[in-house]
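A short reminder: the numbers here are calculations on the coordinates, not readings from a lab. Just so we're clear, the structure is a prediction, and the values are computed from it rather than from any experiment. Don't worry about glycine lacking a Cβ; one is built from the backbone with ideal geometry, like all the others, and counts go over all protein chains shown.
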């Protein structure tokens, strides 16, 4: 009797484990592709400001606008000083509008090489949710000001998930270009959009998954939307501020974006003042390029007051800088 009871309990236990495993497997594709709001909030605890409905940090529009003139060096200085030393993605052989600047909030997507069983599981979940081709699942969720940041694992032949049609959808939704670690197709058409400033790895006239998916030509599948992803040597988080210029892309954590902007604006003003005074012969290059003496500090503060409406920084921000300098007994030069 004891043995029969033990066997029955063992069978029941294993049956329950099997059911739990099946439920877990059935839920896994949806969970692994689209991050939940709770997960995203938990992964971005440093951000204390507004968020999108999906939990993604929403850096204010004003900071995004003021980010555009920030130099790579200025951004690097703040990020490196805060311990974020691997935030710059380099090695972009292909850029659309290389003389323009790409700025916006990252919306991430991650693709992996196609595997029929996993592709089918993910795709079946998508169909239940009314989704169609996997290459537009993330695209259909983009908002104005976003930058579509996609890890396409460098795929080239039969790899492009973006051509001029999908590119048009991205640009219409965001007003921005993309950062795409993979090959694009229809590059000539994408260039005609003008403002579609983009960084991508290569060009190829083919397209992903020729034949429609479940076949021997299956090349890509989406495995992550709005989740942490990798671009070159950078871990990119949804909501990071993207700054692409001079052939490089910097991904700025949301909680550091305002600090980067304000530091850049101060440095810009100090450079203007220093170069002006050198040309005037009032100070030497050695005096300006070193820690500023008190008389130069006071001269700089007065120069800000005298030109508050003429500077390439908003009047409100210049006044904030003046207030901070006057409230500090020993102001320091950021150079």
Residue in the stretch 85-93 that is closer than 22 Å to residue 193 by Cβ and in contact with a helix residue (DSSP H, G or I) (Cβ under 9 Å, 6 or more places away or on another chain) present
no
Quick check on this structure: which one of 155, 138, 169 is in contact (Cβ under 8 Å) with a residue 12 or more places away in the chain, under 20 Å from residue 203 (Cα atoms) and buried (at least 18 other Cβ atoms within 10 Å of the Cβ)?
155
